[in-house]
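All remarks here apply to the structure that follows.
Nothing in this text is a laboratory measurement; each read-out follows from the coordinates by a stated rule. Keep in mind it's a predicted model, so treat the numbers as computed, not measured. Cβ: placed from backbone, ideal geometry, glycine included. Neighbour counts: every protein chain shown.
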Amino acid sequence: MTDEQVAIAMKAALEIGYRHFDTASFYKNEEAVGKAVRESGISREEMFITTKLWPTDYFWAEKALAKSLKHLGLEYVDLYLLHWPTLGKGYAWKSLEKLYDQGLCKAIGVSNYSIKQLEALRKQARIVPAVNQVEFSPFMYRSELLAYCKENNIQLEAYSPLTRGKKLDDITIEEIAKKYGKTPAQIMIRWSLQHGNVVIPKSSSPTRIKENADMFDFALEAQDIIRLDELHQNFRSLFSR
C-alpha cells in the first residue's frame with residue numbers, strides 16, 4: 001500500500017472505531033501509520049500499536065526499535081514482535097526483554113512461531129511471549145498451536161484471516177454466510193474470533209474495513225464452527241496463487 005492508501009484506510013478505520021493497528025519495519029509504512037495516529041486527535045492511551053523487528057536487525061534490536069519509534073513519532077509501542085523465527089532470535093529476545101524493561105514496548109511477542117520454537121524460546125526466556133502472530137483461517141486451522149498457546153497464556157493473533165481473498169468463494173463459506181445474512185469475510189473473521197483469537201484483517205477499502213468490523217451482532221452455531229474447522233488444508237495464502 002502507498003502512503004496515500006494507508007492514510008485513507010487509517011482514516012476510515014479510526015472513524016469506525018478501530019484502535020488496534022499492526023505495522024512492521026519491513027512493511028515500510030510506519031511513518032504513514034504514525035502520522036494517521038498522531039493526527040487523529042484520539043488519545044495515545046486508546047490506541048494499540050504493534051510493530052515488528054525484521055531478522056536482519058536481530059542483533060541491533062535497540063537501534064531498530066529506536067528507528068521504528070522515530071518513524072511512528074511515538075514514545076513507545078504497545079507490542080513489539082520478532083517477525084520470524086530465524087538466526088539470532090534468542091539474542092533478539094533478550095534484547096526485547098530489555099526494551100520491555102525500559103518501557104519502550106508495553107508487551108513483547110513473536111510471529112510465525114511453531115510449538116517447537118515456542119518451547120525452545122520459553123526455556124531461555126525471562127518473559128514469556130505475550131503474543132504469537134501466525135496465519136490462521138478455516139483453511140489454515142492450527143488447532144494444536146492454538147491449544148498450546150491457550151495452555152501457556154500466549155495470545156494467538158491471526159493474520160491473513162481472509163486468505164488474502166483466495167478462499168472467499170468457497171462453497172461452504174458461502175452457504176454459511178447466506179444462513180446468517182453475512183458476507184463470507186464476516187463469517188471467516190467471526191470463526192476466528194470464536195476460537196479466542198485476536199484477528200487482524202487487512203483492507204484498503206473503507207467499505208470492507210467497515211464490513212470487517214461488523215462482527216458483534218451474531219455468533220456462529222457449534223455445528224457451523226465444526227464445518228469451518230473441517231475446511232483445514234494447510235493453505236498458506238502468502239505462498240499460494
Leaving out same-chain residues fewer than 8 places away, which aspartates and glutamates sit with a Cα under 19 Å from that of residue 94?
-> 57, 62, 78, 119
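What FRET efficiency would be calculated for the residue pair residue 3, residue 67, taking the C-beta separation as r and a Förster radius of 22 Å, to the nearest 0.05? Please report the intermediate quantities before stating the final value.
Numbers: r = 17 Å, r/R0 = 0.79.
Rounded to the nearest 0.05, the efficiency is 0.80.
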Taking a threshold of 25 Å on the Cα-Cα distance, which of the pairs 70/166; 67/98; 150/210; 67/106 fall above it?
-> 70/166; 150/210
According to a simple spin-label model (label point 7 Å from Cα along Cα-to-Cβ), what is the distance in nm between residue 236 and residue 127?
-> 2.9 nm
Sorted by Cβ density within 10 Å, fewest first, the residues 149, 105 = 149, 105
Which aspartates and glutamates have a Cα lying under 17 Å from the Cα of residue 116, excluding residues fewer than 8 positions away in the same chain?
-> 135, 144, 151
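Based on the Kirkwood radius over alpha-carbon pairs, what is the Stokes-Einstein translational diffusion coefficient of region 1-129 at 20 °C with 1.002 mPa s viscosity, in µm²/s? Please report the intermediate quantities before stating the final value.
Details: Rh = 15.1 Å.
Using the Kirkwood radius from Cα pairs, D works out to 142 µm²/s.
Give me 63, 167 ranked fewest to most by other Cβ atoms within 10 Å of their Cβ, as a rough exposure proxy.
Working: 63 11, 167 21.
Ascending number of Cβ neighbours within 10 Å: 63, 167.
Expected output is a single nm value to one decimal: the length gained when fully extending between residue 202 and residue 229, i.e. 0.36 nm times separation in residues minus the C-alpha distance. What is it?
Extra length from residue 202 to residue 229 when fully extended: 7.5 nm.
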